[in-house]
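Here is the structure we will look at, set down as structure tokens.
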Amino acid sequence: MMKNELEILLGRFRPKGPQEEADLPLFKARASDAKNLTRDALAHFTASAFVLNQTHERVLGIYHKIYKSWGWMGGHADGDVNLLHVAEKEVREESGIEQLKLLLPDPISIENLPVFGHFHRSRGYVSAHLHLNVTFLFEADDQQLLRENKEETGGVAWIPLEEFSSQSSEEEMKIIYDKIISRIIEKKKEDKL
């Protein structure tokens, strides 16, 4: 049987640490079923973007109205098996940034994120579920015009890399952001960014 784009992407991903080693088998097991690319599944795929400016000293963040916290950009696959495309689309929709450069060919991180039940502006009550999230690392010129998506966000801004995690009010997300930031710093030291 031919593998889809997501199965190939996850097959190339090399987990680092116990969290990703635990999460990757679940991601791989769900990647072949198209239902898991939709919100119909209680565990479904999402994609996020960690966007650095051209000097790699700042991260583009948005203020999430649902979570009442600053964080990365991202969203649901909504049937799209190309999660890189999903991440790029979400950056455009949530920040107005049009020109993006992918910094690494494979995801910088994967994370199985629990989402508590909440009210959504258009769907009403959304049951608790899991986001099988794949994160990509991008670069963008910080002189590009930012455009806030007022339906979803309460702000968009370039935040110093070392302050990004502290801007989040979600303790569980600070762990993920710190993991990604440490990988960025490691890649910079290795001259791979």
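Within a Cβ distance under 9 Å of Leu161, other residues only, what is the Lys/Arg minus Asp/Glu net charge?
Net charge in that neighbourhood comes out at -2.
In the chain, if the dipole is taken from +1 on Lys/Arg beta carbons and -1 on Asp/Glu beta carbons about the Cα centre, which of Ser69, Phe138, Asn112 is farthest to the positive end?
Toward the positive end, the furthest listed residue is Asn112.
Hey, what number do you get for the chain at 222 nm if only DSSP H runs of n ≥ 4 count, each worth -39500 (n - 2.57), divided across all residues, to the nearest 500? Write out the running numbers ahead of the final one.
Values: 4 runs with 53 residues, N = 193.
Calculated at 222 nm, the ellipticity per residue is -8500 deg cm²/dmol.
In µm²/s, what is D for the chain at 20 °C and 1.002 mPa s, where D = kT/(6 pi eta Rh) by Stokes-Einstein and Rh is the Kirkwood radius from Cα pairs?
Value of D from the Cα-based Kirkwood radius: 126 µm²/s.
How large is the Kirkwood hydrodynamic radius of the stretch 67-121, in angstrom, based on all distinct alpha carbon pairs?
Values: mean 1/r = 0.0753 Å⁻¹.
For the stretch 67-121, inverting the mean 1/r across all distinct Cα pairs yields 13.3 Å.
Can you compute the charge dipole magnitude of the stretch 105-193 about its Cα centre, using +1 on each Lys and Arg Cβ and -1 on each Asp and Glu Cβ, nothing else charged? Give it in debye, rounded to the nearest 20. Walk me through the intermediate numbers first.
Working: 11 positive and 17 negative charges, 51 e Å.
Computed charge dipole of the stretch 105-193: roughly 240 debye.
Please report the relative contact order for the chain, taking Cα pairs under 8 Å with a sequence separation of at least 6, and give it as a percent rounded to a whole number.
25
Taking 7 Å along the Cα-to-C-beta vector as the label spot, tell me the Thr38-Glu5 distance in nanometres, rounded to one decimal.
With each label placed 7 Å out from Cα toward Cβ, I get 1.8 nm.
Output the Cα-based Rg and Dmax of the stretch 93-181 in Å, rounding Rg to one decimal and Dmax to a whole number.
For the stretch 93-181, the Cα-based Rg and Dmax read 14.9, 39 Å.
I'd like the distance between the alpha-carbon centres of the stretch 135-193 and the stretch 51-122, rounded to an integer number of Å.
One Cα centre to the other: 9 Å.
What ranking, highest mean first, results for peptides 142-149, 31-38 when packing means the other Cβ atoms within 10 Å averaged over each residue?
31-38, 142-149
Give the aspartates and glutamates reachable from Lys189 as a straight Cα distance under 14 Å; neighbours fewer than 8 places away on the same chain don't count.
Counting by Cα, and skipping residues close in sequence, Lys189 has these aspartates and glutamates nearby: Glu57.
How much of the accessible area of the chain, in percent, comes from carbon and sulfur atoms when a 1.4 Å probe is used?
Of the solvent-accessible surface of the chain, carbon and sulfur hold 53 percent.
Send over the semi-axes of the stretch 1-97's equivalent ellipsoid, whole angstrom and largest first, taken as the square roots of 5 times the C-alpha gyration tensor eigenvalues.
Values for the stretch 1-97, descending: 25, 16, 14 Å.
At 1.4 Å probe radius, can you tell me the per residue accessible area of the stretch 27-179 in Å²?
Values: 7050 Å² over 153 residues.
Spelled out: the 1.4 Å probe surface of the stretch 27-179, per residue, equals 46 Å².
The values are calculated or read from the model by the stated rules, or taken from the named source; none is laboratory data. No experiment lies behind these values; they were computed from the predicted model shown. Neighbour counts are summed over all protein chains in view; Cβ atoms, including those assigned to glycine, are modelled from backbone coordinates with ideal geometry. What goes into the accessible areas is simple: the full protein's heavy atoms, side chains included, and nothing from ligands, DNA or RNA. Shrake-Rupley method; radii C 1.70, N 1.55, O 1.52, S 1.80 Å.
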